[in-house]
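The values are calculated or read from the model by the stated rules, or taken from the named source; none is laboratory data. It should be emphasised that the depicted structure is a prediction, and the values quoted were computed from it without experimental measurement. Please note: Cβ atoms are built from the backbone with ideal geometry, for glycine as well, and neighbour counts cover all protein chains shown. Each accessible area value is taken on the protein alone, full model and side chains, heavy atoms only, with ligands, DNA and RNA left out. Shrake-Rupley method; radii C 1.70, N 1.55, O 1.52, S 1.80 Å.
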Amino acid sequence: MSRVYNFSAGPAVLPEEVLKEAAAEMLDYKGCGMSVMEMSHRSSVFQEIIETAEADIRDLMQIPDNYKVLFLQGGASQQFAMIPMNLMKNKVADYIVTGQWAKKAAKEAEKYGEVHVVASSEDKTFSYIPDCSDLEISEDADYVYICENNTIYGTKFKELPDTKGKTLVADVSSCFLSEPVDVSKYGVIYGGVQKNVGPAGVVIAIIREDLITDDVLDGTPTMLKYKTHADAGSLYNTPPAYGIYICGKVFKWLKKQGGLEAIKERNEKKAKILYDYLDESKLFKGTVVPKDRSLMNVPFVTGNKELDAKFVKEAKEAGFENLKGHRSVGGMRASIYNAMPVEGVEKLVEFMKAFEKENL
């Protein structure tokens, strides 16, 4: 069977080159006689895998020396609790709610302190990013939290909020490594890797060292302290070893593509092909305010639920998988992460044009 064009929002498409390399090494990793799935995380072989992965992501993102890179478990959703447990010294935090995940994060943080929603786009089904240039940031806020790219709704912060000097915490799960970032602007930048970096099971958290302390909320479990993992080099307990190995291969692949500047250019090209068609189409339309559109997740609708369902069904038959939109938006969504080739987007637009011709 030939591979489909996989537009899943996550777990999502991985570079074919990476999958082939992993397949070739499945039974015997570099002559050690075993799979990475089988080896001890305490072995020198795995130590080299995780150290190389960290060195490569540091290089790709130009991560300053005063930031730790942690390979964690529990999904991005576990960070919703870890962040307040580790950072809420004053038990006050400000949240900017631009989608379901930021909303869930804010709700979780309420268990540990006072949460102020200082901006939200819920009034228009999260179809835009609110103006965050002059927010009423709480004087005693421990941090300001955003979800930088909203997978479900297809919006992206093009400019970071003015946090008035407070620590910025960002969930970047669905835009991780899709473009260059200035890590020094964040206190914590983290993401589940299953959307744009690797297989499900790994969370990468990049944390400024002054935020990694023993001064955490009472009752914080050992496993949920950042210091536990930072002190142990992400090897306090058995890590998601195979997932880290694949992430490391993706980092190498990204460097081979020319790094994050080159990947951003390719992502902009792919997104333009799809958005340009949506803007001229008489059948399909995008659901996001144009200036806030994501390069990674593109929701669109026909305005007719039956026609949406027909499109998803016929697209699947034609080899375009996972185009059904999230239930809160409806319609369709194409996630066009780093590993989605330009050809995949071009073929999708060709199919959409043919569908439009037949159904208008």
Checklist outcome for this item: Scoring only Lys, Arg, Asp and Glu (+1, +1, -1, -1) among other residues with Cβ under 15 Å from the Cβ of I129 yields -3
Checklist outcome for this item: Looking only at lysines whose Cα falls under 17 Å of K91's and that sit 8 or more positions away or on another chain, we get K107, K111, K166, K225
Checklist entry - What size of dipole, in debye to the nearest 20, comes out for the chain about its Cα centre when the only charges are +1 on Lys and Arg C-beta atoms and -1 on Asp and Glu C-beta atoms? => result 960
Item to check | Choice from D123, D56, D162 showing the highest fluctuation, given a GNM over the chain with Cα pairs closer than 10 Å | outcome: D123
Checklist entry - Where the centre of each part is set by its Cα atoms, how far does the range 224-260 sit from the range 320-360, in angstrom? => result 31
Item to check | Selection from S120, Y5, G31, by position along the positive dipole direction of the range 1-120 (Cβ) | outcome: S120
Item to check | Surface per residue (accessible, 1.4 Å probe) for the chain, Å² | outcome: 44
Checklist entry - Over the chain, what is the relative contact order in whole percent, taking alpha-carbon pairs under 8 Å and six or more residues apart? => result 23
Checklist entry - Taking the Cα centre of the range 200-342 as the origin, how large is its charge dipole in debye, to the nearest 20, when only Lys and Arg (+1) and Asp and Glu (-1) carry charge on their Cβ atoms? => result 620
Checklist outcome for this item: GNM on the chain, Cα springs under 10 Å; top mean-square fluctuation among L19, L72, L224 goes to L19
Checklist entry - Of the accessible area of the chain, with the probe set at 1.4 angstrom, what percent is carbon plus sulfur? => result 49
Next on the checklist: List the pairs from K272/K324; K269/K291; K104/K305; K124/K158; K68/K158; K249/K316 whose alpha-carbon separation is above 23 Å, in the order I gave them.
Outcome noted: K104/K305; K68/K158; K249/K316
Checklist entry - When the helices in the chain are scored as -39500 (n - 2.57) per DSSP H run of 4 or longer and the sum is shared across all residues, what 222 nm value do you end up with, to the nearest 500 deg cm²/dmol? => result -11500 deg cm²/dmol
